[in-house]
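This report refers to the structure that appears directly beneath it.
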């Protein structure tokens, strides 16, 4: 249990909040790159409590700027995308991708107002078919080159989940909860009479679990490991929760497949009570051969919110089961009312890590996992694929 003050400290994400300042030190996925096209080169978004407009100018450069124009606060989302920037629809002030005002119709030439009329703007980079934004102070750190984003010996897919009506930390704490899979996933599927193979896999007896704080090259976080008993006894390889808001895992073994898909789940705060979740999966090729898959050919899928017209959740999928658990905790979970047990050790560890990194930022330091050395960013591996291969070989 934590105090209400500590709960606010760890969950609020707006500008100037302790946790918001921390999260702004990391690159956040904004959307799949294919969502910006020549026909629709702009998108209204909200991240970390800020209303923004993402656009791609006529020269192909990405911009992410505050939505309200510095002049009379009209929405730039309805503006005109031009070769060198985004023009406000109200009076025509134009901004480039850096947020600099570059044109002011009807104002004197050389007016000093031009320098004052800068929009808040954030760098955007594309990797693996995803647009990432960095909303923190300069110097800008490197965009992490996680293995599933840059490996060439396989194919990628992207999945966009519906907005989750809950705080980001509710989703991320689930990443270090090793026992919820038994009832929330296995038990729910059993009650619905669905996916017998997954029922059997997730309802194996969990005899023990372990947690390890990891500070490795290119990432930090907590790795959880479950030890299963019964007929199919196994010590699993472990799924790392990557600080601050990612879960990495490998899927496939429970379905008796030969291939393991490496999947990342980003939990991006839109504001204090809404979370955007994006997945990227990478499936290695059977023979290790490279596969040519341009970014614009990475398939993207979208899921609907599982709430039904009768107000009940459709619980037939893993993501809907998780979403139900997180949303029914409340939009911003009051941790002062909880009662933790031994199986929640990983959650306590995650909260300690979160507090430590918030304090590091307040002290002017880089938090864990921020990368500035290109040599540490050639390819960042988590050992998931190797662990999976070893586990499969042992069967």
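Where a number appears in this text, it was derived from the coordinates with a stated rule and is not lab data. Because the structure is predicted, anything quoted here is derived from the model rather than measured. So basically every Cβ, Gly included, is an ideal-geometry build from the backbone, and we count neighbours across all protein chains shown.
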Counting only the backbone N, which residues of the stretch 54-68 are under 14 Å from the spot 7 Å out from the Cα of residue 74 toward its beta-carbon? 68
Viscosity 1.567 mPa s, 4 °C: Kirkwood-radius Stokes-Einstein D of the chain over Cα pairs, µm²/s: 57
Name the shape class, rounded, prolate or oblate, that the alpha-carbon gyration tensor gives for the stretch 153-310, where a ≥ b ≥ c are the square roots of its eigenvalues, rounded holds for a/c under 1.5, and otherwise prolate holds if a/b is larger than b/c and oblate otherwise. rounded
Length-normalised contact order for the stretch 37-134 - Cα pairs under 8 Å, 6+ apart - percent: 21
For helix 345-362, report the angle its Cα long axis makes with the longest principal axis of the Cα atoms of the chain; keep it between 0 and 90° and round to the nearest 10°. 20
Under a crude label model (7 Å from the Cα following the beta-carbon direction), how far is residue 225 from residue 138 in nanometres? 4.5
Roughly what % of DSSP beta bridges within the stretch 147-394 run antiparallel, to the nearest 5? 95
Simple label model, 7 Å out from Cα along Cβ direction - residue 290 to residue 307, nm: 4.7
Place a point 7 Å from the Cα of residue 83 in the direction of its beta carbon; the residues of the stretch 43-58 whose amide N falls under 20 Å from it are 55-58
Simple SL model, points at 7 angstrom along Cα→Cβ for residue 197 and residue 339; separation in nm is 4.0
Sum of -39500 (n - 2.57) over DSSP H runs of 4+, divided by residues of the chain (222 nm, nearest 500): -5500 deg cm²/dmol
Using only Cα atoms, what is the ratio of the radius of gyration of the stretch 37-134 to 2.2 N^0.38 Å? 1.03
Neighbouring Cβ atoms within 10 Å as the yardstick, rank 335, 4 fewest first. 4, 335
Between helix 384-394 and the chain, what is the angle of the helix's C-alpha long axis to the longest principal axis, kept within 0 to 90° and rounded to the nearest 10? 20
Under 13 Å from a label point 7 Å along Cα→Cβ of residue 210: give me every residue in the stretch 217-249 with its amide N that close. 223-228, 235-239
Under the 0.36 nm per residue contour assumption, what length would be gained going from the current alpha-carbon distance of residue 113 and residue 126 to full extension? 1.4 nm
Counted neighbours (other Cβ, 10 Å), sorted fewest up, put 379, 262 in the order 379, 262
Nearest 10, in degrees from 0 to 90: the angle of helix 318-327 to the longest Cα principal axis of the chain is 70
Going by how many other beta carbons lie within 10 Å of each one, how would you line up 270, 353, fewest first? 270, 353
